[in-house]
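Notes follow the structure.
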Amino acid sequence: MKRTVLRMMDEASIKWGDAPYALKKGASDWIPVSFSEARQRSREFAAWLVSMGFTRGDRLAILAEGSPEWILAESGALCAGCVSVPLSIKLLAEEIPFRLDHSEAKAIVTTKNQLEKVLGSFAALENQGMLLLYLDDDPAYARETAARCGVGPERVIGFDEARTAGRRDLSSPGSSLPSRLDAIAAAIEEDDTVTISYTSGTTGNPKGIMLTHLNYWTNCHDGVELFKMPDRFRTLLILPVDHSFAHTAGLYVGLIIGMSIYFVDSRGGGIATLRNIPINLKEASPDFIMTVPALSGNFMKKIISGIEEKGGLIVKIFKAGISAGIAWNGDGWNSPPFAVRARAFLPYMIARGLIFNKVKAMIFGKNIQYCVGGGALLDVKQQEFFAAFGVPIFQGYGLTEAAPIISGNSPAKHKYGTSGALCPSIECRILKEDGSEAAVGENAEIVIRGGNVMKGYFKNPEASAAALRDGWLYTGDLAHFDADGFLVVVGREKALLIAEDGEKYSPEEIEEAVTFSTDIVDQIMVWCEQRKYVTALVALDAGKVERLIKDEGIAEASALLDRLKDEFGKFRNDPKAKKVQAAWMPAVFQIVPASFSDKDGTVNSTMKIVRHRIAQVYSSLIEYSYSPEGSKTINDRNLATLRELFKLR
């Protein structure tokens, strides 16, 4: 039998039937869509698409918050033989037309929260007949809004209206639609494209990554095997569903293991969504959640700040327990010496019994077992903290071109500071520039082969040929295998720092070393483009800095900058931080006045920093780093920024 997403859907509807698959928050409770209902409703939407003239290979874009309807829109498109183009809700209006035009999408699916932005992009589209499918239950509002935006309201169709029409046509006596949908499904091949996913643009212009039925089939089954995931797990899907990690490990893995997926309540927009995450976590009480470093970092800050507010003995027990837990766990793979564990046992068990278990249930719900991390490198400090706390984050590595999971730590096999073991079906080589394989511990490019490797970049044969060579995917990422066989990813090859003499170094290693050793740095980007030395742009953790100011009675910006300089430099002597070669240690850092944000494009939808955009936005500050005044951290701009941020003299 052919290995396709449609087969996964069919088998899930039979195996899991009336069990809840996708759930959204209603007026008072969670509203479920079962596996069998999902298949039926997807076919209803597919029937409407076919009746409207959509044919095999046509593209349907989706720019919407995660919801059961999101799933139905995509799976309905697949049932009609179409291709899904999942787009980030973080896109700016001016970024949408390129993706719709390049993918040649015939329609776009969206929600009330995104409606005006999407409609605002229509004037710039090549396809002036673009249809808009509206997922919320007030299509009259969408048509009125379209009219105000100069878009013909006849081009707006309510998703439920389309499904209702499709259901009517499917059940009409003598209708050919049921057999037509069956024929479409039977004709689909493993190499047919399921999604065109556009890169986030962290290293340049977006490319459309074509992932096939076989890609998803392979990667989903690999993920289940890698994690030994039990049936009927439940999760709260916090990550955006256009993100390949959430797409595969959430929506599609859910079909295999009968997982219940709760979607964060997004009614009311972005701010309301953020407020709803802690509420929904306790309501859904997930067995695991998928996270990215920025999100888990926020959880870590919330836990620590909540404990610090208690003060006194609670803080002492908590800190002693975390330290003891880190000692108890070691690196997760190699057991610490007996004497180390013996010393750690009592303070660790006391903290677990009195604090950790209660706080864990308050934040993550009573069922939480672990988190799965992706999206970017997760520093060791977070991994050690959460393992000690009792909610380990099992970090993995992947990229959309690989559907996306390549490796992962898991409950059964993990080592902190690594990206884990390879997926069962993947071949991986670490290749140097001359094509030879790197030795253990030697960094070079990750090159993989397997059924999860993309078909190519849509309408971009040059980029496809550069990335895909003789069946191998050249990832552009640097890593090594350690002595225990774990993959250790160190960063992007294309994001390398370049010295005056052409020597290269990974910026992520430096950034991780700094953030591991101090918690006053919230975000950091190091930079060197054939210049004399490395500089860094730093966004501060305002809460931590304000506590430092209060605890040490700091009243002047110059005194604070001195302390921040000391904090920044801690990584140099921290035995547990990643070692940075002396030539690549930042000679100076500049403080940015606000955090890197998706509002100005300096972070993407999964909160990864977008290096080329940061360099563009802060070009003058980077250049200032190479001026006589800016070449020292104690400089006028840093002092002025601190005075403004913290109201100091």
Out of all the residues in the stretch 491-522, which are at pLDDT 85 or above and under 11 Å from Lys578 (Cβ atoms)? Glu508, Ile510, Glu511, Glu512, Ala513, Val514, Thr515, Phe516, Ser517
Only unsatisfied item for Phe98, checking (1) touching a residue at least 60 places away in the same chain (Cβ under 8 Å); (2) within 24 Å of Ile271 (Cα to Cα), is (2)
When residues of the stretch 155-174 are limited to those that are closer than 19 Å to Lys112 by Cβ and free of Cβ contacts under 8 Å to residues at least 40 places away in the same chain, the one surrounded by the fewest Cβ atoms within 10 Å (Cβ to Cβ): Glu161
All but one of (1) free of Cβ contacts under 8 Å to residues at least 40 places away in the same chain; (2) crowded, with 24+ Cβ neighbours inside 10 Å; (3) hydroxyl-bearing (Ser, Thr, Tyr) hold for Thr218; state the number of the condition that does not hold. (1)
Set Pro586, Pro628, Pro593: member being surrounded by 20 or more Cβ atoms within 10 Å (Cβ to Cβ), out of contact with any His (no Cβ under 7 Å at 6 or more places or on another chain) and either part of a helix (DSSP H, G or I) or modelled with pLDDT of 90 or more (or both): Pro586
Kindly indicate the residue of the stretch 382-414 that is within 24 Å of Glu442 (Cα to Cα), surrounded by 22 or more Cβ atoms within 10 Å (Cβ to Cβ) and over 16 Å from the mean Cα position of the chain (by Cα) and also modelled with the lowest pLDDT among those meeting that condition. Gln383
Kindly indicate the residue of the stretch 544-583 that is exposed (fewer than 15 other Cβ atoms within 10 Å of the Cβ) and under 29 Å from the mean Cα position of the chain (by Cα) and also farthest from Cys528 (Cα to Cα) among those meeting that condition. Lys576
Among the residues of the stretch 120-138, what is the count of those that are aliphatic (A, V, I, L, M), under 22 Å from Glu161 (Cβ atoms) and in a loop (DSSP other than H, G, I, E, B)? 2
If you scan the stretch 421-443, which residues turn out to be crowded, with 16+ Cβ neighbours inside 10 Å and within 24 Å of the chain's Cα centre (by Cα)? Ala421, Leu422, Cys423, Ile426, Cys428
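Matching residues to (1) under 19 Å from the mean Cα position of the chain (by Cα); (2) over 27 Å from Met454 (Cβ atoms); (3) of a type outside the set (Lys, Arg):
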{"site": "Asp191", "(1), (2), (3)": "no, no, yes"}
{"site": "Lys207", "(1), (2), (3)": "yes, no, no"}
{"site": "Tyr216", "(1), (2), (3)": "yes, no, yes"}
{"site": "Val241", "(1), (2), (3)": "yes, no, yes"}
{"site": "Ala249", "(1), (2), (3)": "yes, no, yes"}
{"site": "Thr273", "(1), (2), (3)": "yes, yes, yes"}
{"site": "Met290", "(1), (2), (3)": "yes, no, yes"}
{"site": "Pro293", "(1), (2), (3)": "yes, no, yes"}
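Conditions tested, residue by residue: (1) closer than 22 Å to Gly373 by Cβ; (2) of a type in the set (Phe, Trp, Tyr); (3) free of Cβ contacts under 8 Å to residues at least 12 places away in the same chain.
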| site | (1), (2), (3) |
| --- | --- |
| Glu225 | yes, no, no |
| Asp231 | no, no, no |
| Arg234 | yes, no, no |
| Pro240 | yes, no, no |
| Ala246 | yes, no, no |
| Met259 | yes, no, no |
| Tyr262 | yes, yes, no |
| Asp265 | no, no, no |
| Ala272 | no, no, yes |
Note on the stretch 328-342: residues part of a helix (DSSP H, G or I), surrounded by fewer than 19 Cβ atoms within 10 Å (Cβ to Cβ) and in contact with a Phe, Trp or Tyr (Cβ under 9 Å, 6 or more places away or on another chain) are Val340, Arg341
Pairs please, first residue from the stretch 635-649 and touching a residue at least 40 places away in the same chain (Cβ under 8 Å) and within 12 Å of Gln590 (Cβ to Cβ), second anywhere and β-branched (Val, Ile, Thr) and part of a loop (DSSP other than H, G, I, E, B), Cβ atoms under 9 Å, 6+ apart in sequence or on different chains. Thr641/Val592
Across the stretch 349-368, which residue is surrounded by the most Cβ atoms within 10 Å (Cβ to Cβ) among those that are small (Gly, Ala, Ser) and under 17 Å from Ile277 (Cβ atoms)? Gly365
What do you reckon, is Leu115 surrounded by fewer than 19 Cβ atoms within 10 Å (Cβ to Cβ), of a type outside the set (Asp, Glu) and either in the same structural domain as Asp598 (by TED's automatic domain parsing) or more than 28 Å from Ser179 (Cα to Cα) (or both)? no
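The values are calculated or read from the model by the stated rules, or taken from the named source; none is laboratory data. Note that the structure is predicted; figures quoted are calculated from it, not measured. Note that each Cβ is placed from the backbone with ideal geometry, even for glycine, and that neighbours are counted across all protein chains shown.
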